[in-house]
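Inspection log for the structure reproduced underneath, given as structure tokens.
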Amino acid sequence: MTPTSTFETWATILTVAVTAIAGDVLTAGAMRRIGDLDIIRAKSGLSGAIKAVVSSPLFMLGVLCMALSFFSLLFTLSKVDVSLAAPASASLTFIGNAAAAKFFLHENVDHRRWFAAIFVCAGVVLLSR
């Protein structure tokens, strides 16, 4: 593996995290709009539930972001040591999901989750040195 610059390392890790966060938030938002799949399945059958999900543009955009995240992770792992890439991208995704849940999905993210995010940030800083 050829050595990568610090910028390239963190740019690829950040790309994985951002696309994963976007995928998580978009699919969660879509599923909230779609509603309870058990109720849809009871009314329209399994095919109706599947149609409700795959016909949602928000859901499909979320799936696209998740696919981009996966391929970004593959690219990152070809350039960066897994011992840094995996924990850093997972940690940043955790932090980003908490913030995105609060601001985009209007979830109640309590102080314990924010403290956990702060500790995760500290862990990423320690890991990167």
- request: Measure off 7 Å from each Cα along the Cα-to-Cβ vector at residue 61 and residue 99, then give the distance between these two points in nanometres to one decimal.
  value: 2.0
task: Any aspartates and glutamates with Cα under 17 Å of the residue 102 Cα? List them, leaving off those in the same chain fewer than 8 positions away.
output: 24, 110
message: Just want the answer: with Cβ charges of +1 for Lys and Arg and -1 for Asp and Glu, which residue in 117, 89, 28 is farthest toward the dipole's positive end in the chain?
response: 28
message: Compute, for the chain, the length of the dipole vector about the Cα centre, with Cβ point charges of +1 (Lys, Arg) and -1 (Asp, Glu) only. Units Debye, rounded to 20.
response: 240
message: Take residue 14 and residue 90, extend 7 Å from each Cα along the Cα→Cβ direction, and tell me the distance between the two endpoints in nm.
response: 2.3
- request: List the residues of region 90-104 whose backbone N lies under 15 Å from a point placed 7 Å from the Cα of residue 121 along the Cα-to-Cβ direction.
  value: 91-100
message: How would region 6-128 be classified by its alpha-carbon gyration tensor: rounded, prolate or oblate, with rounded meaning a/c under 1.5 and the a/b versus b/c comparison settling the rest?
response: oblate
- request: Would you mind telling me which residue in 44, 91, 69 has the biggest mean-square fluctuation in a Gaussian network model of the chain, where springs connect alpha carbons within a distance under 10 angstrom?
  value: 44
message: Which residue fluctuates most in the GNM of the chain (Cα springs below 10 Å): 81, 24, 38?
response: 38
query: Can you tell which of 47, 89, 56 shows the greatest fluctuation in a Gaussian network model of the chain with Cα springs below 10 Å?
result: 47
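Each value in this text was obtained by applying a stated rule to the coordinates, not by laboratory testing. In this text the structure is predicted, and so the values were computed from the model without any measurement. Using ideal geometry, Cβ is built from the backbone for each residue, glycine included, and neighbour counts are taken over all protein chains shown.
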